[in-house]
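One structure below.
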């Protein structure tokens with residue numbers, strides 16, 4: 001059985017919702033990947049009694065606990081004090097920790113406030129975790145059945161200390177048998193449709209099925225237990241991917257580096273040494289923004305409406321035939337840009353309709369590639385931000401389908 005791990009976040013700003021606890025999510029992903037069973041996330045405000053009670057409870061039920069926050073120099077930073085009280089320890093002045101804090105201010109030509117001296121007070125017997133990225137050192141102590149790790153709440157500092165100093169120690173302190181999580185990433189299909197498509201697959205009892213949905217993608221997750229046969233794992237994943245079909249843009253967890261839809265397109269464009277020109281309306285520059293830093297993006301144009309685009313390009317096009325309008329824009333753009341591919345995105349209606357969350361807009365996307373023209377149509381609704389986001393992703397997905405060879409004859413125009 002895998003060792004259990006809890007994540008404990010300290011801070012009034014976490015409890016009241018003024019700060020989103022991204023630390024807990026990131027630490028959970030790290031812990032699960034290592035082979036821990038994460039049993040709880042707990043957040044407590046700046047109340048010493050509550051902190052003491054929780055630390056005592058965790059010490060009796062968890063094998064490991066990673067705590068974030070409460071290591072700063074101010075009066076509401078109570079973690080070290082709570083640890084000393086909960087575990088019957090005294091706080092001692094750590095000379096090395098204090099020297100690191102002083103050095104932090106000296107290298108920045110700043111005078112160290114006296115309050116920072118507090119950060120060098122650590123529980124007696126604790127293992128100091130030096131912070132090379134800030135002033136708050138972390139520390140680790142063992143009490144009852146649990147090994148506790150206390151890290152700063154600043155995400156960049158917390159992650160750096162965890163990766164460099166904590167993660168290597170976890171692998172030596174605990175017998176870890178990591179499971180394998182495979183995520184099949186899709187775009188353009190909802191959870192319910194996925195569930196219906198995969199309903200006939202025989203999933204072994206020891207494999208856990210789950211879903212994670214967001215505006216940008218839906219992930220179908222398969223969690224395989226330790227030592228699950230690799231060949232059988234790949235066969236099951238392939239069965240899922242085959243049934244889901246061309247909505248699958250990436251599979252994560254089988255050794256290949258994957259990312260979101262934009263990352264997938266970037267990798268495919270680089271591999272093929274292709275170039276692209278973009279014309280967008282409804283996505284209002286977001287389509288180009290998703291390709292930022294990509295050398296293959298040669299040219300991008302944004303216009304708020306088809307009428308303005310027609311005027312700028314001196315084309316006789318109208319919203320009465322969006323497909324023909326998009327094809328004309330694509331041809332004109334290719335002539336001027338010299339790009340291998342041209343991606344054009346237009347919508348029917350005026351700009352106020354795009355901003356009106358109660359109105360549908362008809363979106364027409366065209367890809368000019370290899371001397372042929374491919375198209376995708378979709379009606380999108382909702383807040384302007386959702387329309388913008390979906391318009392950008394739908395265009396990228398058409399390009400992705402072409403690059404992965406999954407664009408069908410139905411897309412020809």
If I ask for residues that are free of Cβ contacts under 8 Å to residues at least 24 places away in the same chain and either under 14 Å from residue 22 (Cβ atoms) or surrounded by 15 or more Cβ atoms within 10 Å (Cβ to Cβ) (or both), which ones from the stretch 143-173 would you list? 154, 156
Does the stretch 86-105 include one or more residues that are crowded, with 19+ Cβ neighbours inside 10 Å, more than 29 Å from the chain's Cα centre (by Cα), assigned to a helix (DSSP H, G or I) and modelled with pLDDT of 95 or more? yes
Restricting attention to the stretch 300-340, which residues are more than 36 Å from the chain's Cα centre (by Cα), in contact (Cβ under 8 Å) with a residue 24 or more places away in the chain and over 18 Å from residue 277 (Cβ atoms)? 319
Which ones in the stretch 219-273 are within 17 Å of residue 29 (Cβ to Cβ) and not in a loop (DSSP other than H, G, I, E, B)? 219, 221, 222, 223, 224, 252
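For the stretch 363-397, name all the residues that are assigned to a helix (DSSP H, G or I) and under 23 Å from residue 267 (Cα atoms).
Within the stretch 363-397, 389, 390, 391, 392, 393, 394, 395, 396, 397 meet the criteria.
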The stretch 102-119 residues that are free of Cβ contacts under 8 Å to residues at least 40 places away in the same chain, paired with ones that are assigned to a loop (DSSP other than H, G, I, E, B) and surrounded by 10 or more Cβ atoms within 10 Å (Cβ to Cβ) (beta carbon under 6 Å, 6 or more apart): 102/112; 104/135; 105/112
Filtering the stretch 289-309 down to residues that are closer than 24 Å to residue 372 by Cβ and modelled with pLDDT under 90, which residue is surrounded by the fewest Cβ atoms within 10 Å (Cβ to Cβ)? 309
Where in the stretch 1-84 are there helices (runs of 4 or more DSSP H), lying wholly inside it, with at least 3 residues that are surrounded by 19 or more Cβ atoms within 10 Å (Cβ to Cβ) and in the same structural domain as residue 143 (by TED's automatic domain parsing)? 22-34, 48-61
Where a residue in the stretch 352-366 is within 26 Å of residue 399 (Cα to Cα) and its partner, wherever it lies, is modelled with pLDDT under 85 and in a loop (DSSP other than H, G, I, E, B), with Cβ under 6 Å and at least six apart: 361/349; 362/348
Considering every residue within the stretch 220-233, establish whether at least one is without any contact (Cβ under 8 Å) to a residue 60 or more places away in the chain, surrounded by 13 or more Cβ atoms within 10 Å (Cβ to Cβ) and under 14 Å from residue 248 (Cα atoms). yes
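The values are calculated or read from the model by the stated rules, or taken from the named source; none is laboratory data. Here the structure is a predicted model, which means the values were calculated and not measured. Backbone-built Cβ (ideal geometry, glycine too); neighbour counts: all protein chains shown.
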